[in-house]
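See structure below.
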């Protein structure tokens, strides 16, 4: 237990932050400024990690193209953030539900209420990997503010054993993470420093993790042809809001009116990419699907191919 105590108390995120040492007697306005000033440091910490994030994205995309998937694993706030990011990929990018998946120590119940002790066992991480059907084609992103969580160590052990691509996302320095002797293909370590409230890693650490997860999936999906310029075009029309958003996307890119956008979306079986190619190249649905397939789903490439035929 002394070893665990020493590991925890030495972490940057557990230290007292001089900027907030008198926060308990500060006014509400002062409290909010202290939090905001500390939050401003997060993006700069992430900027220093862009080379590692780039490496991770390139490998995630390569795994996707080989039929692999991306799995997030974490405990507490870290696990919840992974689940949130994974769950938003299908409606945003039209990706299959199993392409990006999130797991939290303690299972689904832990999303809503802490499951005490679930993160303390290496075996739990190993078992979750096995239950996920993890394979050598997949990528694994282990999310942990400290990097020392036994659950994460179990996930890494299993991922490395079967040859999955492994990422560690933590919010302590690279020097600190080395103490825990973790083995991974890449470490992403935005060093956010001491929290406003000592040890409250749902704050700057959680913010940093969410921003990096945004980058991992968004950049990967862009490299899979899920956008046209900066507009998402592979969304699933699963509710009325998304149906109207799809019409607006078609209208803004092609210049057609509402009725024509609706007509071509229906002709395209609700697929925005197909509707765009049909309208911009004046081709039928079969031709649009053909050029999109040959272009790996990149609409601009498909348009160029259709116009050159």
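The values are calculated or read from the model by the stated rules, or taken from the named source; none is laboratory data. Treat the numbers as computed from the prediction; the structure is a model and nothing was measured. Positions of Cβ are generated from backbone atoms using ideal geometry, with glycine treated the same way; all protein chains shown enter the neighbour counts.
Summary table
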| item | result |
| --- | --- |
| Residue 256 vs. criteria more than 19 Å from residue 102 (Cβ to Cβ), assigned to a helix (DSSP H, G or I), modelled with pLDDT of 95 or more and over 16 Å from the mean Cα position of the chain (by Cα) | no |
| Unique match (being in the same structural domain as residue 30 (by TED's automatic domain parsing), crowded, with 24+ Cβ neighbours inside 10 Å and either free of Cβ contacts under 8 Å to residues at least 60 places away in the same chain or assigned to a helix (DSSP H, G or I) (or both)) among 208, 114 | 208 |
| Only one of 184, 194, 198, 159 that is within 22 Å of the chain's Cα centre (by Cα), touching a residue at least 12 places away in the same chain (Cβ under 8 Å) and outside any helix (DSSP H, G or I) | 184 |
| Residue that is nearest to residue 242 (Cα to Cα), among those in region 98-111 that are touching a residue at least 12 places away in the same chain (Cβ under 8 Å) and assigned to a helix (DSSP H, G or I) | 111 |
| Lone unmet requirement of (1) at pLDDT 95 or above; (2) closer than 22 Å to residue 271 by Cβ for residue 96 | (1) |
| Qualifying residue in region 126-139 (condition: assigned by TED's automatic domain parsing to the domain that holds residue 190, buried (at least 24 other Cβ atoms within 10 Å of the Cβ), at pLDDT 95 or above and within 14 Å of residue 182 (Cβ to Cβ)) | no |
| Check on residue 197, more than 21 Å from residue 80 (Cα to Cα) and surrounded by fewer than 24 Cβ atoms within 10 Å (Cβ to Cβ) | no |
| Test: residue in region 7-25 that is surrounded by fewer than 12 Cβ atoms within 10 Å (Cβ to Cβ), closer than 22 Å to residue 181 by Cα and modelled with pLDDT of 95 or more | no |
| Any chance residue 85 is under 24 Å from residue 217 (Cα atoms), over 18 Å from the mean Cα position of the chain (by Cα) and buried (at least 18 other Cβ atoms within 10 Å of the Cβ) | no |
| Which listed residue, of 78, 95, is surrounded by 21 or more Cβ atoms within 10 Å (Cβ to Cβ) and in a loop (DSSP other than H, G, I, E, B) | 95 |
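Residues checked against (1) under 20 Å from residue 242 (Cα atoms); (2) touching a helix residue (DSSP H, G or I) at 6+ places or on another chain (Cβ under 8 Å); (3) assigned to a loop (DSSP other than H, G, I, E, B):
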residue: 276; (1), (2), (3): yes, yes, no
residue: 283; (1), (2), (3): no, yes, yes
residue: 286; (1), (2), (3): no, no, no
residue: 289; (1), (2), (3): no, yes, no
residue: 293; (1), (2), (3): no, no, no
residue: 296; (1), (2), (3): no, no, yes
residue: 300; (1), (2), (3): no, no, no
residue: 303; (1), (2), (3): no, yes, no
residue: 306; (1), (2), (3): no, yes, no
